[in-house]
Amino acid sequence: MLTFAVVLLIESLLITFRGVTSAEDIIFSYNDTVIAKADEKVILSCSYTGTVYDLFWYRQFPGSALQFLIMESSGFITHATPQVPGITMTQNKDIRRMDLEISSASVSFSALYYCAVR
């Protein structure tokens, strides 16, 4: 599972993340830090190894439980209910990469973000 932390810093978002591995599969980030201004598009990316059937994105606000955002399974995208506005997911199984796009970053998106695979 991969963790993304989003923190608002004087009109900019600072996004950092760390990878955690298991015995069979490894999931890791492309960049350690992504910086974006408020209202800019932010893309969080991770790659994986091994056999993967489903791809997930979650987030967690301080003091709260994990919140499911979006998943891809067999080419179908499933959004949270209710759907989180401004969140989309793309994946490229050929290069084993999955992206979470936040269309317009804001303070309300400050949370830990997780990508996961099954």
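The values are calculated or read from the model by the stated rules, or taken from the named source; none is laboratory data. Treat the numbers as computed from the prediction; the structure is a model and nothing was measured. We place every Cβ from the backbone using ideal geometry, glycine too, and count neighbours over all the protein chains shown. Ligands, DNA and RNA are excluded from the accessible area calculation, which covers all protein heavy atoms including side chains. Shrake-Rupley method; radii C 1.70, N 1.55, O 1.52, S 1.80 Å.
Go through region 39-44 residue by residue and turn each phi into a ³J(HN,Hα) via Karplus (6.51, -1.76, 1.60, θ = phi - 60°); whole Hz please, and just put x for glycine and proline.
Along region 39-44, the couplings run 6, 7, 6, 10, 10, 9 Hz.
For residue 65 and residue 38, compute 0.36 nm times the residue count separating them, minus their Cα-Cα distance, and round to one decimal in nm.
Gain on extension, residue 65 to residue 38, equals 7.2 nm.
What dipole magnitude, in Debye to the nearest 20, does region 32-80 give about its Cα centre under +1 on Lys/Arg Cβ and -1 on Asp/Glu Cβ?
My answer is approximately 80 debye.
Using a 1.4 angstrom probe on the protein heavy atoms only, could you order 53, 58, 48 from most to least accessible area?
Ranked from most to least accessible, the order is 53, 58, 48.
If the label point is 7 Å along Cα→Cβ of residue 104, which residues in region 40-61 have backbone nitrogen under 19 Å from it?
40-44
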